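Worksheet: one structure, shown below.
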Amino acid sequence: MNFYCIPIIVVCCYLIGELFKLIFFNKQNTYKYIPIITALAGGLLGVAIFFTNPEILAVDNAWSALGIGIVSGASATGANQIIKQIFTNKQEDHKND
């Protein structure tokens, strides 16, 4: 398997999540749907990659591509939280100085 397709799916899903935040700015109750949206988008991207360039994912069937895509899309939410926690902690440290 070429592992460069997984970070591509993660980055695309991260950008989809950020775009969702921009569209629904100041509507905090809609932010709870971002993990679901990124996972679905990742699944769709995984299946789309499988049918357009199956040699990239190197899986045997569309279900495996769907699983890889969903996990990659869900990891975009984790990447968002890592970035958020890093910058939140730095801002809090500067407030305490």
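Add +1 for every Lys or Arg and -1 for every Asp or Glu among the other residues with Cβ under 10 Å from the Cβ of residue 80, and state the total. Walk me through the intermediate numbers first.
On the way: positive: 21, 84; negative: 18.
Summing Lys/Arg as +1 and Asp/Glu as -1 gives +1.
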Magnitude of the Cβ-charge dipole (Lys and Arg +1, Asp and Glu -1) of the chain about the Cα centre, nearest 20 debye, reported as 360
Pseudo-spin-label distance residue 8 to residue 33, built 7 Å along Cα→Cβ, given in nm, is 2.9
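When the Kirkwood hydrodynamic radius is evaluated over all pairs of different C-alpha atoms of region 1-59, what value in angstrom, to one decimal, is obtained?
For region 1-59, the Kirkwood estimate is 12.3 Å.
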Within the set 16, 83, 56, GNM on the chain using Cα springs under 10 Å gives the largest fluctuation to 83
So the pair-distance distribution of region 5-96, from every Cα-Cα distance in 10 Å bins, comes to percents of 18, 39, 26, 12, 4, 0
Restricted to pairs 8 or more residues apart or on different chains, the lysines in region 5-96 with C-alpha atoms under 22 Å apart form a number of pairs equal to 5
What helix-only [θ] at 222 nm does the chain give? Using -39500 (n - 2.57) per DSSP H run of at least 4, over all residues, to the nearest 500, the answer is -27000 deg cm²/dmol
Taking Cα atoms, the helix 5-23 axis meets the longest principal axis of the chain at an angle in degrees (rounded to 10) of 50
To the nearest 10 degrees, the tilt of helix 34-52 (Cα long axis) against the first principal axis of the alpha carbons of the chain is 30
Tilt, helix 62-96 to longest principal axis of the chain (alpha-carbon atoms), in degrees rounded to tens, equals 20
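No lab work stands behind these numbers, since they all come straight from the coordinates. Everything quoted here is computed from the prediction, not taken from an experiment. Reconstructed Cβ throughout: ideal geometry from the backbone, glycine too, with neighbour counts over all protein chains shown.
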